[in-house]
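What follows is a short report on a single structure.
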Amino acid sequence: MRGFDFAAPTTIQGALKAAKGKKYRFIAGGTNFLPDLRHMHDGLPQLVIDLSRVDALRGVSLAKGEVRMGALTTMTDFLENKIILREAPILAAMSAKFAGPIIRNRATVAGNLIDGGPAADSVPPLLALKAVVRLAGPGGKRAVPLDEFFTGYRRTVVKPGEIITEVAFPAPGKGHKWGYYKLARRNAMAITVVGAAAVLKLKGGACREAGISLGSVNPAPIRCYEAEKILEGKAVGLALAQKAAEACRAASAPIDDIRASAEYRKLMCEVLPRRLICQALGIPLDQG
């Protein structure tokens, strides 16, 4: 393996300047990059740019009804940050199932997104929260809704020279209901077989707004728009939850692999959303 140069800027502009004109790779926690090194041959970057010293990429805040998380927010932060625990406990539930403590201490929200993997654990909850990704690059700053961020298997809209600076989402508000489930072959250090997330905002006994998503069953994680529409504006019971779950199943396009068959994944795309919706809203699953 040939070597590469290394830079550790302390500002966003310094990071963008370092990348200019070079075959580069940005890293933060490095939990994806380091395992990938063994498979890189001609694909090695000329320059690795470590963003971990850029303080402007850190921090979690709540402003104007929006939760804002710096790109360097870690999975451990999801478990410990008071704003996240209060406003979006679904992210803490996800992080509790994310790898192990050592990886959680290093892995960042931006790193989990930028890799573009279909099984990225943070993506279904963030999709259900209707998050937006903010970027900075040679062309300036821009914001991309997370459901438009992925363009295919391990592909994103990120342009050459751009970095993720922040991930943000509307604060769901008091009394919102949520559910998250990671189906995997073991409880820890396992790649997701099917991931499902639901965030439901209620008003007057009806579902005012819904966010429902799936991971690891399409080339990229998806929001289940038809399932959301089925629930919104209605008082949700078991029959409506079942109808929404069937819409989730219809939106999925899983494959066979060493972890599970496409048939099994397809079934779970119905079972898990129905369970999450019912558990979140206190609907008995057996009403017979």
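Taken together, the values in this text are just the output of simple stated rules run on the coordinates, not laboratory data. This one's a predicted model, so the numbers in the text were calculated from it and none came from an experiment. With ideal geometry, Cβ positions are generated from the backbone for all residues, glycine too; neighbour counts draw on all protein chains shown.
For this structure, a couple of remarks:
- Put a plus charge on the Cβ of each Lys and Arg, a minus charge on the Cβ of each Asp and Glu, and nothing anywhere else: the dipole of the chain about its Cα centre is then about 360 debye.
- Of the beta bridges in the stretch 2-67, as assigned by DSSP with both residues counted there, near 20 percent are antiparallel.
- What the pair-distance distribution of the stretch 5-50 shows, using all Cα-Cα distances binned every 10 Å from zero, is 27, 55, 18, 0 percent.
- Across the stretch 1-75, Cα pairs under 8 Å and at least six residues apart give a relative contact order of 37 percent.
- Average Cα contact separation per residue, the chain, under 8 Å, 6 or more apart, as relative contact order %: 14
- Positive minus negative residues near D50 (Lys, Arg vs Asp, Glu; Cβ under 15 Å): +4
- The stretch 41-100: trypsin sites (Lys or Arg not before Pro) in DSSP loop, at most 12 other beta carbons within 10 Å: K64
- Gain on full extension, evaluated as 0.36 nm per residue between K22 and L285 minus their Cα-Cα distance, stands at 89.1 nm.
- Taking F4, F149 and counting other C-beta atoms within 10 Å, the order from fewest to most: F4, F149
- For the stretch 24-181: relative contact order, % (alpha-carbon pairs under 8 angstrom, 6 or more apart): 24
- Fully extending the segment from Y153 to R186 would add 9.5 nm, taking 0.36 nm per residue of separation and subtracting the current Cα-Cα distance.
- Calculated from backbone phi, Karplus (6.51, -1.76, 1.60) coupling profile of the stretch 184-198 in Hz, x at Gly/Pro: 9, 7, 8, 7, 9, 6, 10, 6, 5, 7, 9, x, 9, 9, 9
- C-alpha center-to-center spacing [the stretch 1-27, the stretch 213-235] in angstrom: 37
- Among S213, S95, the order by Cβ neighbours within 10 angstrom, fewest to most, reads S95, S213.
- P(r) histogram, all alpha-carbon pairs of the stretch 55-170 included - 10 Å bins from 0, percent: 14, 51, 31, 4
- Whole-Hz ³J(HN,Hα) from phi, Karplus 6.51 cos²θ - 1.76 cosθ + 1.60, for the stretch 84-97, glycine and proline x: 5, 4, 7, 8, 8, x, 4, 5, 5, 4, 5, 5, 4, 9
- Beta bridges by DSSP in the chain, antiparallel share as percent, to the nearest 5: 85
- R0 of 41 Å, Cβ-Cβ distance D55-Y225: FRET efficiency to nearest 0.05: 0.65
- Taking the C-alpha atoms only, the angle from helix 238-251 to the longest principal axis of the chain is near 40 degrees.
- Put simply, the Cα atoms of the stretch 138-178 extend 41, 25, 11 Å along their principal axes, the longest span coming first.
- Using all pairs of distinct alpha-carbon atoms, the Kirkwood hydrodynamic radius of the stretch 113-244 works out to 15.7 angstrom.
- Largest GNM mean-square fluctuation across A244, A235, A110, computed for the chain with C-alpha springs under 10 Å, falls on A235.
- Treating each Cα of the stretch 177-281 as one equal point scatterer and applying the Debye formula with no solvent, the log10 of I(q)/I(0) at q = 0.17, 0.23 Å⁻¹ comes out as -0.69, -1.15.
- Compared with the dominant principal axis of the Cα atoms in the chain, helix 262-281 is inclined by about 70°.
- Förster-model FRET efficiency, 35 Å R0, A63 and A8, C-beta, rounded to 0.05: 0.75
- Under 5 Å between amide hydrogens, built in the peptide plane, is the criterion, and for W178 it picks out L200 among residues at least 5 positions away or on other chains.
- Measure of compaction for the stretch 27-112 (Cα Rg per 2.2 N^0.38 Å): 1.22
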